[in-house]
Each structure stands twice: as structure tokens, then as C-alpha cells.
1. Counting only residues 5 or more places away or on other chains, whose amide H sits under 5 Å from the amide H of L263 once H atoms are built in the peptide plane?
2. If you put +1 on each Lys and Arg Cβ and -1 on each Asp and Glu Cβ, how big is the dipole of region 207-265 around its Cα centre, in Debye rounded to 20?
3. Would you please give the FRET efficiency between Y278 and S192, computed as 1/(1 + (r/R0)^6) with r the Cβ-Cβ distance and R0 = 41 Å, to the nearest 0.05?
4. Rounded to the nearest 20 Debye, what is the dipole magnitude of region 267-337 about its Cα centre when Lys and Arg each give +1 and Asp and Glu each give -1 at the C-beta?
5. Residues with amide H under 5 Å of A204's amide H, sequence separation 5 or more or different chain, H placed in the peptide plane at 1.01 Å from N; which?
Amino acid sequence: MVVKPPLYGSGPLSGVATGSDVSFVVTSFIGEITFSGHQEKDKVRGTHTVRHPNGAANEEGTFLLQKLKPGAIGSKLDGTCLKQQPQVAANAPAASLNQVSSAGALSEIPAQSVIPPHRSASLIDRADNPTNRAAPTGAIDGPRALYFTLNATKDEVLRIQGTPTRLRDYEWAYGYSTVQFRNDRVVSWSVSSVNPLRVRMVPASGVPNPVGYFAVGSTKDEVLAVQGTPTRVSDYEWSYGYSTVQFRNDRVVSWTVSGVNPLRVKMIPSSAVSNPGYFTVGSTKDEVLAVQGTPTRVSDYEWAYGYSTVQFRNDRVVSWSVSNVNPLRVKMVASSR
């Protein structure tokens, strides 16, 4: 699929159709463009999201895929996959997409159920392979899949990543990177930049993210939409290099930010507070946020700002420790008599 200005680039198209619902992905040098739509006779309309590799905020908009010439699209779009590469022109967010070439052909495959990607195997293939069939797990299976994710089978990991350098029943190593298994399915991994893994996690559904950051209480899908695929993953903690995010009931409860691998996190006061330029013993968390900003490490009872820390009891400051490397804007005020 070719994507035209004001978006740019071209790349292999891959996707699935479930009944009249269609989703597909176009990868180009500007990033990955994900399309999700619904068939209406000879048209498919829906929404698209652009995810940039340079960390820029996601772009979202709408699209319209329309048959312009006989033979360009088969009589049915449900349960089909694109066999060749139709030309598509893309406009800016909230604009439309129109098919401008009849190069695409369709071959029918059984309709399939798509399980949320970060909870099941999801192997994206080049879409010009008409022999692909859906695996029972909801994966799009094939010999040229691009990545594996949580719940992928060992066979799927082998197909994507190749022969491991170290092999155990519950863990495979690829150089300094590792993949962990339970019941022969992927449950976690640890990625080294020296030996990267072809892993990927995507939100289970479209996540509105106009602000470009996540915070305490954000869902795992919201973190994925902002931060991308973690380098190490478990049920309760994700890592992005030296930075970590902790979860409880699938929502963010704390984090630790490394200057080497910063997280797109932000905390803002929950209500308007005065900002005298410092905080002190007895200050609320909102007052600390207004003065000091987002902490680099956060938990219910302690926030860190680099090497400096602030301790709380009942959401009010009770103590602190100040490092000259990361000074705090604190001040002790004499009590009035």
C-alpha cells in the first residue's frame, strides 16, 4: 500500500477482516499507520492512527476506502485479505483515504476473531501471502510474520526470532535478550539493545491520547499508546530500558524514571493550589506538584526527584532528604505563637 502526502512512504499491508469489520496496518518511514474500519457496501470507512518512530505524539483521523474501478475490490470484503498492494492516498487527521488504483485483488479466507493483542499472540504477516490462515489463538499466521507478542507459542517465536543461543524449557535466550514461557507460551521477555527481539505490544483498541503522557491510574493500553512496547514485561511491571512502570489491577500505581530512558509521565495538581515557590512540612501532594513538578519515582508514601526524596503520611509532607545534585524547593517556616 502506498500512502501519499501529506503523509508519506509505502510498505507492506497486513490486516484482518472479521465480518464487516476490517483492520490493517501500513508501515513506512514516518511510522506505522493503523486503520480500523467497517464495510458499507463497496466502501470501508473508519479511523486511522499514525505512530511515529521518533517518539512524536500519535496522530489520529478518519479514512474512506472506496472502489473506483470494477475488479479493484472483490464482491465481498468480509473474510478477505489483500493479495496485492492497492494504491491509497492519505490525508491529514480527520481527512479521508481514497483508493486510486485497481491493482489490488482479493482472495477469501475464513473470518477470524481478533483477541486483544497485548493478551494474545499476534503475528503480523506480509499480506501478499494468500495462504495465510488464522491460528486458534487469533494470530495471523504465516512464514513471514514480523513480530511476536504475549501468548505466542514457541513455534511462533522460532519462526520470527530463529534458533535461541541458550535453551531451557521455561526460558530462551537470544544473546543478552530472553523470552520466558509458561505452558509453552510467551509470558514475559527482557530485551537487550545488543540483541533486540522482534517483539511488539499494541493497545487492544483505539486509545485517545491528546496529551501525550500517562499518569497514575492510566491503563496498560494507555501506557502502550504513549510509551510503546516495553523492553521487559511482566504482569505487574514493565521496563523501558532503565525506567520502570508498576501496575496493580492493570493500572499504573508507580514508576521509576531514568535519565537514560525517560518516560512520558506527568502528574498535575488535582485542583488549583497556591504556589509560593516552595513546599514545607504539612504541604499536600498537590502543593508539592505545583512547586516541584512530576517526580522521577512515585509511590503512595514517597516521591523521588532524582537523588532527593519527599515522604508523605496521609498525603501530607512529613519529611524529606535533599541531594545537592537534585535540590528540592523546600523551606522550613517558623511556627507562629
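1. S258
2. For region 207-265, the charge dipole is close to 100 debye.
3. The computed FRET efficiency comes out at 0.45.
4. Charge dipole of region 267-337: 220 debye, to the nearest 20.
5. For A204, whose amide H was placed from the backbone, the distant partners under 5 Å are H118.
Laboratory data are not the source of any read-out in this text; all were calculated from the coordinates shown. Just so we're clear, the structure is a prediction, and the values are computed from it rather than from any experiment. Here Cβ is always computed from backbone atoms with ideal geometry, including for glycine, and neighbour counts include all displayed protein chains.
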